[in-house]
1. If you go through the stretch 207-232, how many residues are within 15 Å of ligand 2 (Cβ to nearest atom), open to solvent by 20 Å² or more (accessible area, probe 1.4 Å) and touching a strand residue (DSSP E or B) at 6+ places or on another chain (Cβ under 9 Å)?
2. Quick check on ASP79: is it among the acidic types (Asp, Glu), over 24 Å from VAL225 (Cα atoms), without any contact (Cβ under 8 Å) to a residue 40 or more places away in the chain and open to solvent by 10 Å² or more (accessible area, probe 1.4 Å)?
3. I'd like to verify a number: residues in the stretch 165-219 that are of a type in the set (Phe, Trp, Tyr) and modelled with pLDDT under 95, how many?
4. Quick check on my filter: what residues within the stretch 158-206 are aromatic (Phe, Trp, Tyr) and in contact with a Phe, Trp or Tyr (Cβ under 7 Å, 6 or more places away or on another chain)?
5. Which of the residues that make up the stretch 201-252 are of a type in the set (Phe, Trp, Tyr) and in a loop (DSSP other than H, G, I, E, B)?
6. Report yes if some residue within the stretch 16-34 is within 16 Å of ligand 2 (Cβ to nearest atom) and part of a loop (DSSP other than H, G, I, E, B); otherwise report no.
7. Return the only residue of ALA268, ALA255, ALA308, ALA294 being part of a helix (DSSP H, G or I), open to solvent by 30 Å² or more (accessible area, probe 1.4 Å) and among the aliphatic types (A, V, I, L, M).
8. Of everything in the stretch 1-39, what is charged (D, E, K, R) and more than 13 Å from ligand 1 (Cβ to nearest atom)? Give them in sequence order.
Amino acid sequence: MSKPVILTAPRVSSSLHIGNYFGALLPMIDMAKNHGNDYQINLFIADLHGITTPIDYTLMPSIIQSYLRTFVAAGFPLDNPDLHIYRQSFIPAHSELAWILDCFTSMGEMNRMTQFKDKSVKLSEERVSVGLFGYPVLMAADILLYNANYVPVGDDQTQHLEFTRDIAERINKRFADRFPEGIFTIPYNVKKQHEFFGKDQGLRIRDLQDPAKKMSKSDETGKGVIFMNDDPDAAAKKVMSATTDSVGSIHYDYATQPGISNLLEIYALLAAQPIVEVAAEWEGKTSYGELKSAVADQVRLFLTKFQANLANVDDTKIQAKLQSSEAAMNHIANETLLRAQKAVGLR
Ligand code: ATP
Ligand code: MG
């Protein structure tokens with residue numbers, strides 16, 4: 001029996017921020033450390049997704065390296081052969097399967113994807129690429145190639161996971177006569193994913209300047225985003241100038257005080273304290289400045305410590321891990337691709 005597969009990937013854009021760290025990376029690394037023997041864990045770099053929107057291509061290699069180093073500094077174990085880190089474009093089957101899936105996907109389905117709408121409104125029409133429009137199909141290939149069962153998705157990605165399940169079911173059904181075992185493994189639905197990954201799943205750290213939106217790597221100014229490679233003092237300053245409200249007292253309530261609630265949330269994550277405790281501690285207090293200072297101190301401490309870890313990361317070990325993971329992943333991915341190619345008569 002092969003182990004259940006857990007899979008996730010950040011898209012290459014700019015530097016990783018504390019939202020990526022606490023929302024995606026840390027839960028995955030905790031899983032790797034505590035259950036690394038029960039699951040196969042794939043943490044990969046979505047470099048092909050990185051070129052769907054405008055990016056400085058010359059920076060691509062250094063951004064990729066910085067993501068890999070961040071995984072390791074955050075504690076991803078490199079010595080377990082069932083835990084994999086790899087670069088998407090080094091496994092050509094991603095692009096090849098995406099093409100086959102494209103041919104089973106309707107324009108209407110892609111037109112309904114809200115992430116495309118959200119991302120494309122930020123770009124001028126000439127810069128909205130077909131790659132961006134079709135990226136959920138590539139994402140489906142990313143998941144299906146490895147027979148992944150568990151994919152921790154934030155609420156921005158739930159529609160894409162549902163699409164992945166739909167296309168896999170559609171193709172399995174279409175070729176059931178010749179492939180009764182199915183071509184693809186269907187990942188669990190969103191509800192099951194949430195049950196499996198627990199509360200961290202819904203985590204959405206907000207932008208400090210505009211708490212109506214989430215912190216994003218590709219934010220235009222980055223003023224409300226705490227990047228993992230921010231200078232600790234500069235990051236503390238971002239906290240001090242965070243947008244709050246005019247209520248005048250502190251309550252953990254995203255509906256009425258999103259900025260304040262976000263600061264409490266960030267404090268809880270950095271101090272590794274339950275949010276209910278932190279919320280109770282600050283409930284009703286009136287000094288927003290005091291809360292900001294407390295969060296700023298935590299941010300400074302956290303980044304200083306993290307960046308010290310980062311400085312100790314051994315790049316040669318990362319390189320060796322990439323080599324072995326990418327060889328193993330090519331093997332698994334090519335098996336899945338071959339089933340799909342046989343189904344449609346290409347092999
Ligand atoms: P981009 O602007 O390039 O889309 P992003 O910040 O949205 O960048 P992704 O690469 O899309 O990051 O997502 C990587 C992982 O981080 C995903 O699992 C996503 O759900 C999670 N994530 C992204 N932003 C946040 C956030 N603000 N809070 C918590 N988790 C987040
Ligand atoms: Mg995103």
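1. 7
2. yes
3. So the answer is 2.
4. TYR188, PHE196
5. TYR252
6. yes
7. When all the criteria are applied, what remains is ALA308.
8. Within the stretch 1-39, LYS3, ASP30, LYS33, ASP38 meet the criteria.
The values are calculated or read from the model by the stated rules, or taken from the named source; none is laboratory data. None of these values were measured; they are calculated from a predicted model. Backbone-built Cβ (ideal geometry, glycine too); neighbour counts: all protein chains shown. These accessible areas exclude ligands, DNA and RNA; they are computed on the full protein's heavy atoms, side chains included. Shrake-Rupley method; radii C 1.70, N 1.55, O 1.52, S 1.80 Å.
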